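**Q** Pasting a structure here, questions to come.
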Amino acid sequence: MYIIENGKAYLVDGEVAHLVNFDTTGKMIINKEETIEIANKAIYSYNEMYAKLNIEFKIAEKKQEDALNGIENEVIDKLNKQIVDLTNENEKLKSLLAEKKIETKPIEAKDTNEEEKPVDEEETKKNKK
């Protein structure tokens, strides 16, 4: 027999009742440390307690939540691994780029004070012949 108090189920055992919880498989877990007295309280059968607390719905809801959390955790772990891989690749590319900058000499700039001379078209034709 069971007592319902504050939305929790308690299994009657003599003059006291022990707290009852359910895991996601529907297995009943009895907490013998948390008890209440049964005096002047309504007592229910297992089926009545199960229906009044809507245990079946709560178990299904918890299963769905656990399944979603598992999927979310897998996706998050996969994305975090990709971030680490891309960060490592980025660091390697930065170091290669830094090495290339050291190896190459800067391009010498033209003296901007010199004026460009106009090209004589006739002279260019003569040089081509």
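The values are calculated or read from the model by the stated rules, or taken from the named source; none is laboratory data. Just so you know, these numbers come straight off a predicted model, no measurement behind them. Quick reminder, even Gly has a Cβ in these numbers, built from the backbone with ideal geometry, and neighbours come from all protein chains shown.
**Q** Which residue pairs have Cβ atoms under 6 Å apart, sit 6 or more places apart or on different chains, and have a first residue in region 37-63 that is outside the structural domain of ASN21 (by TED's automatic domain parsing) and a second that is of a type in the set (A, V, I, L, M, F, W, C) and in a helix (DSSP H, G or I)?
**A** none
**Q** Taking ASN47 as meeting all but one of (1) within 30 Å of the chain's Cα centre (by Cα); (2) assigned to a helix (DSSP H, G or I), write down the number of the exception.
**A** (1)
**Q** Looking at this structure, is LYS100 within 18 Å of the chain's Cα centre (by Cα), basic (Lys, Arg) and either under 30 Å from PHE22 (Cβ atoms) or at pLDDT 75 or above (or both)? First the steps, then the outcome.
**A** Values: within 18 Å of the chain's Cα centre (by Cα): no; basic (Lys, Arg): yes; either under 30 Å from PHE22 (Cβ atoms) or at pLDDT 75 or above (or both): yes.
Spelling it out, it is not the case that LYS100 is within 18 Å of the chain's Cα centre (by Cα), basic (Lys, Arg) and either under 30 Å from PHE22 (Cβ atoms) or at pLDDT 75 or above (or both).
**Q** Condition (residue is surrounded by 12 or more Cβ atoms within 10 Å (Cβ to Cβ), modelled with pLDDT under 85 and outside any helix (DSSP H, G or I)) applied to region 52-62: is it met by at least one residue?
**A** Among the residues of region 52-62, not one is surrounded by 12 or more Cβ atoms within 10 Å (Cβ to Cβ), modelled with pLDDT under 85 and outside any helix (DSSP H, G or I), which makes the answer no.
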